[in-house]
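A.B. asks: First the structure, which I've put down as structure tokens, then a few questions once you've had a look.
Derivation of every value follows stated rules applied to the coordinates shown; laboratory data play no part. Fair warning: this is a prediction, and the values are worked out from it, not measured in the lab. Here the Cβ positions follow ideal geometry from the backbone for every residue, glycine too, while neighbour counts run over all protein chains shown.
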Amino acid sequence: MRVKTDTGLSELEFEKLFMELEKMAFNFAYSIVLNSEDAKDAVQEGFLKLYRSKEKLDKNKNIKAYLFQIIKNVCFDILRSKRNTQEIENTTIKINNSRETELDRKQIIKEAMNILTTQERMIIGLLMFEGFTSKEAGEIMNLSDSTIRNHFMNGRKKIKNFILKNYPDYARSL
Amino acid sequence: MKCKHVKEILSLYLNNLLSDTEKNEVEQHLKNCPVCQRELAIEKEIQNDLEMLFKEEYIKAKQNTHSGRLFKKTETKGIFFRLGLAIAATILLTISLAILRTGASRNNPYFIDTKITNVSIKETKIKDIKFIDEKLKTKVKKIGNNIFLVNIQGGRND
Ligand SMILES: [Zn+2]
């Protein structure tokens, strides 16, 4: 997508980039914070930072990777400030927990995501959804191709083991 | 390829993260191995559920915006503003509760409705703390027979 100069994104180019990356950016942010509101905020912050510096951006550099790095940092800030103010676990009182009777698949998968390291979650977020290649993910995460694949594998393995151990009914019908 | 190895890399296989050679080997193995076929079915299920979770949360996030976009070019109050409010609220409530606790005599405990929909503290400044669809994170400590200490640990202000 080279235009005349290599520096700076036009309004239109920025808009195009936003449309292209909005969902991926959300998925990535969500994989870190595991909360829709916070992920939304991180996407907003991330694109805002990119927007403000759009005149200075070098199109030969990997803008995508740059954006995702910003989002990652914003997400870490969010996690950090939350950690300082509260215990992360939501300790609402469970009065009548119906978990035993019906499997809430969304809840289960969320619980499973929660036991992964942030790094494993991020890599899953990057590779799974309308994906980055492991090489691109490596650029964002500053890790080698094979390390990325290993983390992905381990993350997914943890999810599977967690579910099979805690929710044996999950796979019964398969 | 042995089952153990195939099992390890099935998630990579599902996400197109294997080399062509590896991919072929996995497919060959799957043809004749019902055990790994079942493993693959489980991995697919997990994959679907993960996709569903992310998709639903994305839709939810978009629905919570005015424009349906996750980005607007103007500054927003953003997360840190909200967190700030939450912190302030936490501190205030904790302090108030602490004051109330020490201020009250032992014969005069606060009775808290355990249903959490409507909490009231007897004889005082805080009336009816409403927990709107569990968005506030709370920690409730039982400090006596019918006495609970509610600690509000922040949450959303929207
Ligand atoms: Zn096998």
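A.B. asks: Tell me, what ³J(HN,Hα) does each residue in the range B:55-69 have, in order and in whole Hz, if you take phi through Karplus 6.51 cos²θ - 1.76 cosθ + 1.60 with θ = phi - 60° and put x for Gly and Pro?
C.D. replies: Along the range B:55-69, the couplings run 5, 5, 5, 5, 4, 4, 4, 5, 5, 7, 10, 6, 9, x, 10 Hz.
A.B. asks: At R0 = 22 Å, how high is the FRET efficiency between A:Arg80 and A:Asn114 if r is their beta carbon distance? Nearest 0.05 is fine.
C.D. replies: Values: r = 17 Å, r/R0 = 0.78.
Rounded to the nearest 0.05, the efficiency is 0.80.
A.B. asks: A follow-up question, please. Measure up A:Lys106/A:Lys165; A:Lys23/B:Lys7; A:Lys106/B:Lys62; B:Lys2/B:Lys31; A:Lys158/B:Lys62; A:Lys16/A:Lys72 against 23 Å on the Cα-Cα distance and list the ones that go over.
C.D. replies: In this structure, A:Lys23/B:Lys7; A:Lys158/B:Lys62 lie more than 23 Å apart at Cα.
A.B. asks: Taking amide hydrogens as modeled 1.01 Å from N in the peptide plane, which residues meet the under 5 Å criterion relative to A:Leu103, leaving out close sequence neighbours?
C.D. replies: Here the answer is none, since no amide H 5 or more places off falls under 5 Å of that of A:Leu103.
A.B. asks: Hey, rough spin-label estimate for B:Lys44 and A:Leu164, points 7 angstrom out along Cα→Cβ, what's it come to in nanometres?
C.D. replies: Going by the 7 Å Cα→Cβ label model, 1.7 nm.
A.B. asks: At 18 angstrom or more along the helix axis (alpha-carbon based) and mean Kyte-Doolittle of 0.0 or higher, what helices does chain A contain? Whole DSSP H runs only.
C.D. replies: Answer set is A:11-33, A:63-85.
A.B. asks: Which FRET efficiency value, to the nearest 0.05, do you get for A:Ser144 and B:Thr74 by plugging their Cβ-Cβ distance into 1/(1 + (r/R0)^6) with R0 = 56 Å? Before the final figure, lay out the partial values.
C.D. replies: Values: r = 40 Å, r/R0 = 0.71.
About 0.90, to the nearest 0.05.
A.B. asks: If you average the C-alpha positions of the range A:128-158 and of the range A:13-75 separately, how far apart do those two centres end up, in angstrom?
C.D. replies: Taking the Cα centre of each part, the range A:128-158 and the range A:13-75 sit 18 Å apart.
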